[in-house]
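Read through the structure below, which is laid out as structure tokens, and then see the notes.
The values are calculated or read from the model by the stated rules, or taken from the named source; none is laboratory data. Just so it is clear, the model here is predicted, and its values are computed rather than measured. Glycine also receives a Cβ, built like all others from the backbone with ideal geometry; neighbour counts cover every protein chain displayed. The area values use the complete protein model at the heavy-atom level, side chains included, leaving out ligands, DNA and RNA. Shrake-Rupley method; radii C 1.70, N 1.55, O 1.52, S 1.80 Å.
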Amino acid sequence: MIKGEVQLKKVPLEEAQQFWQMQRMAFGELLERYQDTQTNPACETLERVRSKMTQPGSTFYWIEQENETVGGIRVVLREDASKRISPLFVLPQYRNRRIAQQAIKLAEELYGEENWELDTILQEKGNCHLYEKVGYRPTGETREINHKMTLIYYKK
């Protein structure tokens, strides 16, 4: 179900706390499931989010639909001209509406469609399907985080 168009809106530093709180809500279920305290965005401190917001090449966006904030995405422009998405999240009550898919496409419109990287949880088949559906391909690289969870790396 697609209701209205999705938009990306830059997150000002003054809204870091709201972004951090929303990120914690969005990733909390995965934290419970996989106990990945070293890698899960729900475990990041507010100070860490603020620090990332001020890094060169790092831009945080609200994902909005019909004037409601439904998620967030961070785009990192690297010195080697590659681009990285980390994190990307949609709040639970807004999932399965193609919002994340639209947010990725908007980021690619802003920064170009090539040379993107990201990683996700191999065991989360819905996440893997989403990224593959919008053109990302597994690199073949994985990293076991714990006995429950493995990260899989993608490129486009």
What helices does the chain have that are whole DSSP H segments, at least 24 Å long along their own axis by Cα, and with mean Kyte-Doolittle hydropathy of 0.5 or more?
-> none
Carbon plus sulfur fraction of accessible area for the range 1-80, probe 1.4 Å, in percent | 45 percent
Residue-normalised accessible area of the range 66-150, given per residue in Å² at a 1.4 Å probe | 56 Å²
In terms of the Cα gyration tensor, with a ≥ b ≥ c the square roots of its eigenvalues, is the range 69-148 rounded because a/c is under 1.5, prolate because a/b exceeds b/c, or oblate?
-> oblate
Cα gyration tensor category, rounded, prolate or oblate, for the range 17-97 with a/c compared to 1.5 = oblate
From the Cα gyration tensor of the range 42-81, with a ≥ b ≥ c the square roots of its eigenvalues, which class applies: rounded if a/c is under 1.5, or else prolate if a/b is larger than b/c, or else oblate?
-> oblate
With a 10 Å radius around each residue's Cβ, average the other Cβ atoms per peptide and rank 95-107, 40-52, highest first.
-> 95-107, 40-52
Would you mind working out the magnitude of the charge dipole of the chain relative to its Cα centre, with +1 at each Lys and Arg C-beta and -1 at each Asp and Glu C-beta, to the nearest 20 Debye?
-> 200 debye
